[in-house]
Amino acid sequence: MSRALALLRRETALAWGRGGGPLVSVGFYAGVATLLPLAIGPEPARLVAVAPGAAWVALALAALLSLDRLFERDYEDGALDLLVMSPTPLEITCAIKCLGQWIATAAPLALAAPIAAIALGAEPRLAPLIFACALVGGLAFSFVGGIGAALSLGARRGGLLTAVIVLPLFVPPVIFGGGALDAMAGGLPWASGFLLLSAYAAGAMALGPIAMAAACRNALS
Amino acid sequence: MIADLEIGNLALRRGGRLLFQGLELRLKAGEAAALTGRNGAGKTSLLRAIAGLVGLEAGTIGFGDLDPVLARSDHIHLVGHQDGQKPARTVREELDFWTLWTGGTSASAEMAARAFELTPLLDLEVRRLSAGQRRRLALARLLAAPRGLWLLDEPLSPLDADWRARFGAMMAQHLAGGGMIVAAVHDPLPIPAKALEISA
């Protein structure tokens, strides 16, 4: 247990410092959220309609930013060898790495998401749901993204490869989360979308580590 | 406790090239082996194969009665060129983490830091260390978390004469306590060791 906690502390600290960490993710997120009204047009009526969805897509993109280095650094400097040589199963190690990533980047993004959505014109009553979707969706993004990061180990320009592998897998959570937000904005029942998003996150947390561990072992051998 | 290393008829292939074949090595508790061979002969690959990190082309690697999975997770230390230390983290953070990860405690990390004279460096970032200091930090794991089999990839190269002698004494002590060492070296090891030349 102390071993797992020590790893979680290390991973969170590393993710905090990786590529500028949460500040860069939040800054990127703010940048995308600012670009949208410039492209779509500033009429409030049009913006209000797209605000929750736009905030949500920007979040998925921001989650991608720091993912590519999740395994790459440990692979390059030999730390992955040592992480493998431990009583802790590699699957658990991978899950803890994703959890650290989530704590350091997804949690700050989840705080920024309602602010960005409201700035775009979303109704403030949506804020709690946007926050919850960002938090749960962030788990899905981290664990699914980890698969892409592990699969692209050793490839040149691994970051781009990670994005190409991972973006199709981001489709379901983006649909579920966006659907829940749309439904709530329209006064419809939104729970099903949120529950589907939670189910996808739970599935990613259960299956993602198995795929990541297999990809890491393959990259090392 | 790991008390046997048996390598039989081993062949390794890296990147489509056959490195060596028919390699035999037997070590018992308290024995060391020094791997020699030209650059690229496969010394590092052999160490990684013993650690279970690369697949075998042919042959076997066994650890006596010990299950290989358990041997590799609990009883083997690997210290290579790539030491896994993050430049932006402090010596203390790295030493504490890798000590806990390999099964030691904070107290044993402190003891190892004293043995390798890392105590005054503990609050420095790893990037500020010299090559020799950095190697001492990587080697400190060996004492911080006791494991029976040490796999060392040119452990002495960045160390100065004084530290070579001191680490030699630590290796001798490890062997005297029933440990085993397999080291890839270019210079002779300061301890008695079976010589094994690796060539195709």
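The values are calculated or read from the model by the stated rules, or taken from the named source; none is laboratory data. It should be emphasised that the depicted structure is a prediction, and the values quoted were computed from it without experimental measurement. Neighbour counts run over all protein chains shown; Cβ positions are idealised from the backbone, glycine included. Calculation scope for accessible area: heavy atoms of the full protein, side chains included, ligands and nucleic acids excluded. Shrake-Rupley method; radii C 1.70, N 1.55, O 1.52, S 1.80 Å.
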Point to revise | Given (1) under 30 Å from residue A:186 (Cβ atoms); (2) within 14 Å of chain B (Cβ to nearest Cβ), number of the condition residue A:80 does not satisfy | key: (1)
**Study point:** Search result, residues across the range B:47-57 that are more than 8 Å from chain A (Cβ to nearest Cβ), under 21 Å from residue B:28 (Cβ atoms) and either open to solvent by 20 Å² or more (accessible area, probe 1.4 Å) or touching a Gly at 6+ places or on another chain (Cβ under 9 Å) (or both)
**Key:** B:47, B:49
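Residues checked against (1) farther than 22 Å from residue A:171 by Cα; (2) at pLDDT 85 or above; (3) outside any helix (DSSP H, G or I); (4) facing another protein chain (nearest Cβ under 10 Å):
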position: A:9; (1), (2), (3), (4): yes, yes, no, yes
position: A:19; (1), (2), (3), (4): yes, no, no, no
position: A:27; (1), (2), (3), (4): yes, yes, no, no
position: A:37; (1), (2), (3), (4): yes, no, no, no
position: A:52; (1), (2), (3), (4): no, no, no, no
position: A:70; (1), (2), (3), (4): no, yes, no, no
position: A:74; (1), (2), (3), (4): yes, yes, no, yes
position: A:88; (1), (2), (3), (4): yes, yes, yes, yes
position: A:99; (1), (2), (3), (4): no, yes, no, no
Practice item. Please work out which one of (1) at pLDDT 90 or above; (2) among the hydrophobic types (A, V, I, L, M, F, W, C); (3) not in a helix (DSSP H, G or I) is the condition residue A:153 fails and give its number. Key: (1)
Practice item. Run residue A:189 past the list (1) closer than 19 Å to residue A:206 by Cα; (2) not in a helix (DSSP H, G or I) and report the number of the one that doesn't hold. Key: (1)
Review point. Is it the case that some residue within the range B:172-180 is over 23 Å from residue B:62 (Cβ atoms) and in contact with a helix residue (DSSP H, G or I) (Cβ under 8 Å, 6 or more places away or on another chain)?
Key: no
Practice item. Residues being open to solvent by 60 Å² or more (accessible area, probe 1.4 Å), more than 9 Å from chain A (Cβ to nearest Cβ) and not in a helix (DSSP H, G or I): count how many of those fall in the range B:58-81. Key: 3
Review point. Out of (1) at the interface with another protein chain (Cβ under 8 Å from one of its Cβ atoms); (2) loosely packed, with under 15 Cβ neighbours inside 10 Å; (3) not in a loop (DSSP other than H, G, I, E, B), the odd one out for residue B:6 is which?
Key: (1)
Review point. If residue B:30 passes every condition in (1) assigned to a loop (DSSP other than H, G, I, E, B); (2) more than 23 Å from residue B:171 (Cα to Cα) but one, which one does it miss?
Key: (2)
Exercise for review: Those residues that are surrounded by fewer than 20 Cβ atoms within 10 Å (Cβ to Cβ) and either under 17 Å from residue A:29 (Cα atoms) or touching a His at 6+ places or on another chain (Cβ under 9 Å) (or both), I need them from the range A:54-73; list them, please.
Suggested key: A:57, A:61
Review point. Looking at this structure, is residue A:47 within 12 Å of another protein chain (Cβ to nearest Cβ), assigned to a helix (DSSP H, G or I), in contact with a Gly (Cβ under 8 Å, 6 or more places away or on another chain) and not polar (S, T, N, Q)?
Key: no
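Matching residues to (1) small (Gly, Ala, Ser); (2) open to solvent by less than 10 Å² (accessible area, probe 1.4 Å); (3) in contact (Cβ under 8 Å) with a residue 40 or more places away in the chain:
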{"residue": "A:133", "(1), (2), (3)": "no, yes, yes"}
{"residue": "A:141", "(1), (2), (3)": "no, yes, yes"}
{"residue": "A:148", "(1), (2), (3)": "yes, yes, yes"}
{"residue": "A:157", "(1), (2), (3)": "no, no, no"}
{"residue": "A:163", "(1), (2), (3)": "yes, no, yes"}
{"residue": "A:167", "(1), (2), (3)": "no, no, yes"}
{"residue": "A:176", "(1), (2), (3)": "no, no, no"}
{"residue": "A:187", "(1), (2), (3)": "yes, no, no"}
Practice item. Check off (1) at positive phi; (2) open to solvent by less than 10 Å² (accessible area, probe 1.4 Å) for residue B:117 and give me the number that stays unchecked. Key: (2)
Exercise for review: Considering only residues that are closer than 22 Å to residue B:107 by Cα and open to solvent by less than 70 Å² (accessible area, probe 1.4 Å), look in the range B:170-198 and name the one that is farthest from the chain's Cα centre (by Cα).
Suggested key: B:177
Study note, to complete from the structure: In the range B:82-107, anything in a helix (DSSP H, G or I) and open to solvent by less than 20 Å² (accessible area, probe 1.4 Å) is listed as B:91, B:94, B:95, B:97, B:98, B:99, B:101
Practice item. Provide a single number: the residues in the range B:23-46 that are at positive phi and either within 13 Å of another protein chain (Cβ to nearest Cβ) or surrounded by 18 or more Cβ atoms within 10 Å (Cβ to Cβ) (or both). Key: 2
Check your understanding: Does residue B:155 meet the test of being touching a residue at least 60 places away in the same chain (Cβ under 8 Å), open to solvent by 30 Å² or more (accessible area, probe 1.4 Å) and outside any helix (DSSP H, G or I)?
Key -> no
Study note, to complete from the structure: The lone condition residue A:82 fails out of (1) open to solvent by 20 Å² or more (accessible area, probe 1.4 Å); (2) within 30 Å of residue B:68 (Cα to Cα); (3) without any contact (Cβ under 8 Å) to a residue 12 or more places away in the chain is (1)
Practice item. Quickly run through the range A:195-210 and pick out the residues that are open to solvent by 40 Å² or more (accessible area, probe 1.4 Å) and either in contact with a His (Cβ under 9 Å, 6 or more places away or on another chain) or in contact (Cβ under 8 Å) with a residue 60 or more places away in the chain (or both). Key: A:200, A:205, A:210
